[in-house]
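**Student:** Quick one: this structure, given as structure tokens, is what I'll be asking you about.
The values are calculated or read from the model by the stated rules, or taken from the named source; none is laboratory data. Since the structure is predicted, the reported quantities are computational estimates derived from the model, not experimental observations. So basically every Cβ, Gly included, is an ideal-geometry build from the backbone, and we count neighbours across all protein chains shown. Just so you know, the surface numbers come from the protein's heavy atoms only, side chains and all, with ligands and any DNA or RNA stripped out. Shrake-Rupley method; radii C 1.70, N 1.55, O 1.52, S 1.80 Å.
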Amino acid sequence: VLIPYWKEKAAFARDQGRKIALEMHPGFCVYNTSTLLRLREAAGPEIGANFDPSHLIWQGMDPCVSIRALGRAGAIFHVHAKDTRIDPENCARNGVLDGTHYSRELERSWNFRTVGYGHGEEYWRAILLELRRSGYDGAVSIEHEDPLMSRREGLEKAIACLLPLILRDAPGN
């Protein structure tokens, strides 16, 4: 069912000169690097990733390893900058697929966090450098779902974390 559907959508996108960026998310048909690449191979190069490291982090994956594989295939079409913090005690009790409601932040195995508040500057520097090495030169869109910060505070803190990394590591600097 999945392959014929996306073959049809990829053909339509090709006819329109467009691409389709799918976010790899647990519970979806495309949830990790391998499933995205498998769908892309079956449906066509119009299928790629809306790369959101936060969903990979809570699955226990390394975003840089995923970027390398997707980048080699030319399959990164867009990037979200969103972090995740794993709570070791809750994760040991409930696992990474914990479905505790977002409003119960203290009981969840993982929570979305503002960039820099799940992982530090070096972690994000590695992600940004890996994106550059992969040939990605598009937007890095800050996505805010941090339950502990307002939208404005989360945006300002994410910019404060990312901007120096982007400027410092830019070609020519």
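**Student:** Pairs needed: first member in region 131-143, over 11 Å from residue 70 (Cβ atoms); second member anywhere, open to solvent by less than 50 Å² (accessible area, probe 1.4 Å) and in a loop (DSSP other than H, G, I, E, B); C-beta distance under 8 Å; at least 6 residues apart or different chains.
**Tutor:** 132/169; 142/82; 142/115; 143/52; 143/82
**Student:** From (1) open to solvent by 50 Å² or more (accessible area, probe 1.4 Å); (2) touching a Leu at 6+ places or on another chain (Cβ under 9 Å); (3) part of a helix (DSSP H, G or I), pick out the condition that doesn't hold for residue 90.
**Tutor:** Going through (1) open to solvent by 50 Å² or more (accessible area, probe 1.4 Å); (2) touching a Leu at 6+ places or on another chain (Cβ under 9 Å); (3) part of a helix (DSSP H, G or I) one by one, residue 90 breaks only (1).
**Student:** Same structure again: Go through region 7-37 residue by residue and tally those that are over 18 Å from the mean Cα position of the chain (by Cα) and open to solvent by 50 Å² or more (accessible area, probe 1.4 Å).
**Tutor:** Start the filter on region 7-37 by keeping residues that are over 18 Å from the mean Cα position of the chain (by Cα), which leaves 7-18.
Now narrow it down to the ones that are open to solvent by 50 Å² or more (accessible area, probe 1.4 Å): 7-9, 12, 14-18.
So the answer is 9.
**Student:** Being in contact with a Phe, Trp or Tyr (Cβ under 9 Å, 6 or more places away or on another chain) and among the hydrophobic types (A, V, I, L, M, F, W, C) is the filter here, so list the residues in region 46-63 that pass it.
**Tutor:** Passing the criteria: 47, 49, 51, 57, 58.
**Student:** Take region 106-137 and flag every residue that is loosely packed, with under 13 Cβ neighbours inside 10 Å and either in contact with a strand residue (DSSP E or B) (Cβ under 8 Å, 6 or more places away or on another chain) or of a type in the set (Asp, Glu) (or both). I'd like the intermediate steps shown before the answer.
**Tutor:** Step one: filter region 106-137 for residues loosely packed, with under 13 Cβ neighbours inside 10 Å, giving 106, 120, 122, 133, 135, 137.
Scanning region 106-137 gives 122, 137.
**Student:** Might you check whether a residue that is of a type in the set (Phe, Trp, Tyr), in a loop (DSSP other than H, G, I, E, B) and within 28 Å of residue 41 (Cα to Cα) occurs anywhere in region 133-140? Let's see the steps before the verdict.
**Tutor:** Just the residues of region 133-140 that are of a type in the set (Phe, Trp, Tyr), to begin with: 136.
Then keep just the ones that are in a loop (DSSP other than H, G, I, E, B); that gives 136.
Next, from what is left, pick out any that are within 28 Å of residue 41 (Cα to Cα): 136.
Within region 133-140 (the criterion being of a type in the set (Phe, Trp, Tyr), in a loop (DSSP other than H, G, I, E, B) and within 28 Å of residue 41 (Cα to Cα)), the answer is yes, since at least one residue qualifies.
**Student:** Taking the stated definitions as given, is residue 125 in contact (Cβ under 8 Å) with a residue 40 or more places away in the chain and assigned to a helix (DSSP H, G or I)?
**Tutor:** Working: in contact (Cβ under 8 Å) with a residue 40 or more places away in the chain: yes; assigned to a helix (DSSP H, G or I): yes.
Yes.
**Student:** Collect the residues in region 38-51 that are part of a loop (DSSP other than H, G, I, E, B) and surrounded by 21 or more Cβ atoms within 10 Å (Cβ to Cβ), keeping them in residue-number order.
**Tutor:** Across region 38-51, the qualifying residue is only 46.
**Student:** Same structure, new question: Can you tell me which condition residue 103 does not meet? The list is (1) of a type outside the set (Phe, Trp, Tyr); (2) part of a helix (DSSP H, G or I); (3) open to solvent by 40 Å² or more (accessible area, probe 1.4 Å); (4) more than 23 Å from residue 69 (Cβ to Cβ), and all the others hold.
**Tutor:** Exception for residue 103: condition (2).
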